[in-house]
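J.: Dumping the structure here so I can ask a few things about it.
Derivation of every value follows stated rules applied to the coordinates shown; laboratory data play no part. In this text the structure is predicted, and so the values were computed from the model without any measurement. Cβ placement follows ideal geometry from the backbone for every residue including glycine, while neighbour counts extend to all protein chains displayed.
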Amino acid sequence: MKNNSSNLLPNGFKLQVSSFQFQNKTQTCLNGNLTLSLIIILIFGFKTNAQVLENYVEKAQTNNPQIEALELKHEIASEKVNEANTLPNTEVGAGYFVSEPETRTGAQKAKLSVKQMMPWFGTITARENYSTSLADAAYVDIAIAKRKLALSVTQTYYQLYALKAKQQILQENIDLLNTYEELALNAVEVNKASSVDVLRLQIRQNELVEKRDLLMGDELAMESRFNNLLNNEVENSILVEDSLNIPQEEPILAIEDLKVHPELEKYDKLYASVKEAEELNQTQNSPAIGFGLDYIAVEKRPDMNFTDNGKDIVMPMVSVSIPIFNEKNKSVSRQHEIQQQEIEAQKNEVKNNLETTLKEAIQQRISARISYQTQLKNIEQTKQAEEILLKQYETASLDFKDVLDIQELQLKFQLQLIEAIKNYYLQTAIINYISN
């Protein structure tokens, strides 16, 4: 089975580059070479960042102990195919006559017997097919485990991204408040502001520093979780994107048939194994034939001289095992029929759950996109309000309470923007887990 875990990587990776902004078409034409360089940076940046996450997923799948255990389980199940291709044990018996029976040709001294039972035609093949079906079901478990692990790595990766991005935003706002504090101190000297404004700015800085430090602790915990998913013996620093955007257009996705999903394929394999088990049960309801040979050692009669005196006895044997009382096989057949019905019911339940989860993830991803676009507009408008307040400072006193209100709103929208980006890619990972 082809491993599709790499498909869990979301579409639409995009680096945020703000250092290149072209004011008009003339400047864009004059800087054509720079534009081309920017495009190259974006393309290679996309591939590099996508490759980083893919490498993390591959490393996790390679080092994961659960997957290793499932692979060993599959190896055992595969080896059982060889075990099925065997005959029953050969029966060998030996005996010594304590009381020697006399025959015309002499006294019987000892007896040696060899017997081999042969299963009915097709029995060994049925056993092999049944063992192979169990091995196939075990292999699907590996594919499911890899997909789920890739999903966990991807989601943890974007949660870690959000924590780092929020810390960066908080630090930028702390630096901004430092600038406002300098303005306030200057305003106090010229009687355009009061010392209360300065204290208010410092209190706000303290709050942001606290939030940043708390996020740093959450980041360390998330990095520890990520390292555990990679099964790293040493806690390593995790490399994530500096910034992410949501793609301009929503990918077109239809709810398609999920028959190829490993979680559903598992039930197909289990159904097939029950079917093969019933085939084996039917062959076991057939007769078995045994072939054997008895050898009896005969002692010569010393007082007589005749033909065949002391001649040993060789007796070929044929036996047949007939399952006359076959209520057990009928009961097993009924159990197999019920098992198949149970597997079909379980498969339908899992399919319904997958479809429901997929629809919910699609809707939540759309909601994340709407929130993302809304926060972009809100941030732009708060920046405009901030510029208006700062321009007023040139001609009149600066109302730092209004500045703090605007700064608080801007921080709120920036954090919500990060949440929208995180949720978008978390839902994308779920969609790709189900649909790819």
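J.: Looking at this model, which pairs from 166/359; 164/422; 269/347 are more than 19 angstrom apart at the alpha-carbon?
T.: Details: 166/359 29 Å; 164/422 11 Å; 269/347 11 Å.
In this structure, 166/359 lie more than 19 Å apart at Cα.
J.: Percent of alpha carbon pairs in the stretch 89-207 separated by more than 19 Å?
T.: 78 percent
J.: For the stretch 290-392, what is Rg from Cα atoms divided by 2.2 N^0.38 Å, rounded to two decimals?
T.: Numbers: Rg = 44.1 Å, N = 103, 2.2 N^0.38 = 12.8 Å.
That works out to 3.44 for the stretch 290-392.
J.: Another question, then. Name the residues whose placed amide hydrogens come within less than 5 Å of the amide hydrogen of residue 290, ignoring near sequence neighbours (fewer than 5 apart) on the same chain.
T.: 118, 319, 320, 321
J.: Taking the Cβ of each residue in 115, 328 as the centre, tally the other Cβ atoms inside 10 Å and list the residues starting with the fewest. Display every interim value, and only then the final one.
T.: Working: 115 17, 328 12.
With the sparsest Cβ surroundings first, the list reads 328, 115.
J.: Right, here's the next one. Which order do 53, 390 fall in if you start with the one that has the fewest other Cβ atoms within 10 Å?
T.: Values: 53 23, 390 13.
Starting with the residue having the fewest Cβ neighbours, the order is 390, 53.
J.: In a solvent-free Debye calculation with one equal scatterer on each Cα, what is log10 I(q)/I(0) for the stretch 343-436 at q = 0.24 Å⁻¹, listed in the order of the q values?
T.: -1.08
J.: Distance in nm between label sites at residue 52 and residue 318, each 7 Å beyond Cα in the beta-carbon direction?
T.: Modelled inter-label distance: 7.8 nm.
J.: Compute the projected area of the convex hull of the Cα atoms of the stretch 153-196, averaged over all viewing directions, and report it in nm² to one decimal place.
T.: On the way: hull surface 13.5 nm².
Convex hull of Cα atoms, orientation-averaged projection: 3.4 nm².
J.: Further question: Residue by residue, what Karplus-based ³J(HN,Hα) values in Hz, rounded to whole numbers, does the stretch 285-290 have, using 6.51, -1.76 and 1.60 with θ = phi - 60° and x for Gly and Pro?
T.: My calculation for the stretch 285-290 gives 7, 9, x, 10, 10, x Hz in order.
J.: What FRET efficiency would be calculated for the residue pair residue 405, residue 282, taking the C-beta separation as r and a Förster radius of 60 Å, to the nearest 0.05?
T.: Details: r = 80 Å, r/R0 = 1.34.
Step by step, r from the Cβ atoms, then E = 0.15.
J.: How big is the charge dipole of the chain about its Cα centre, in debye rounded to the nearest 20, if each Lys and Arg gets +1 on its Cβ and each Asp and Glu gets -1 on its Cβ? Walk me through the numbers before you get to the answer.
T.: Details: 44 positive and 60 negative charges, 190 e Å.
Once rounded to the nearest 20, the dipole reads 920 debye.
J.: Now a separate question. Taking the 0 to 90 degree range and rounding to the nearest ten, how far is the long axis of helix 400-435 tilted relative to the main principal axis of the chain, both from C-alpha atoms?
T.: Helix 400-435 and the main axis of the chain meet at about 20 degrees.
J.: Considering the dipole of the stretch 286-436 built from charges on the beta carbon (Lys and Arg +1, Asp and Glu -1) around the Cα centre, which of 434, 364, 317 is farthest to its positive end?
T.: Highest projection toward the positive end goes to 317.
J.: At each listed q (0.10, 0.11, 0.19 Å⁻¹), what is the log10 of I(q)/I(0) that the Debye formula gives for the stretch 171-264 modelled as equal alpha-carbon point scatterers?
T.: -0.61, -0.68, -0.97
J.: Using the Cα gyration tensor of the stretch 186-240, with a ≥ b ≥ c the square roots of its eigenvalues, what is the shape: rounded (a/c below 1.5), prolate (a/b larger than b/c) or oblate (neither)? Walk me through the intermediate numbers first.
T.: Details: a/c = 7.59, a/b = 4.68, b/c = 1.62.
Prolate is the answer for the stretch 186-240, as a/c is 1.5 or above and a/b outweighs b/c.
J.: Apply 1/(1 + (r/R0)^6) to the Cβ-Cβ distance of residue 376 and residue 260, taking R0 = 41 Å, and write down the FRET efficiency to the nearest 0.05.
T.: Using R0 = 41 Å, I get an efficiency of 0.65.
J.: Hey, what number do you get for the chain at 222 nm if only DSSP H runs of n ≥ 4 count, each worth -39500 (n - 2.57), divided across all residues, to the nearest 500? Walk me through the numbers before you get to the answer.
T.: Working: 8 runs with 286 residues, N = 436.
Result for the chain: -24000 deg cm²/dmol, rounded to the nearest 500.
J.: Now for a different question. What fraction, in whole percent, of alpha-carbon pairs in the chain exceed 31 Å separation?
T.: Working: 61656 of 94830 pairs.
Every Cα pair in the chain considered, those over 31 Å come to 65 percent.
J.: Could I ask something else about it? Highest mean first, what order results for 56-69, 335-348 on Cβ atoms within 10 Å?
T.: Numbers: 56-69: 16.8, 335-348: 14.1.
Result, highest mean first: 56-69, 335-348.
J.: Using only Cα atoms and rounding to the nearest 10 degrees, what angle (0 to 90) does helix 65-84 make with the longest principal axis of the chain?
T.: It works out to around 20 degrees.
J.: Direction-averaged shadow area of the convex hull around the Cα atoms of the stretch 108-178, nm²?
T.: Details: hull surface 40.5 nm².
If you wrap the Cα atoms of the stretch 108-178 in a convex hull and average its projections, you get 10.1 nm².
J.: To the nearest 10 degrees, how steeply does helix 195-230 sit against the main Cα axis of the chain, on a 0 to 90 scale?
T.: 20 degrees
J.: Would you please give the FRET efficiency between residue 221 and residue 91, computed as 1/(1 + (r/R0)^6) with r the Cβ-Cβ distance and R0 = 45 Å, to the nearest 0.05?
T.: Between residue 221 and residue 91 the formula returns 0.10.
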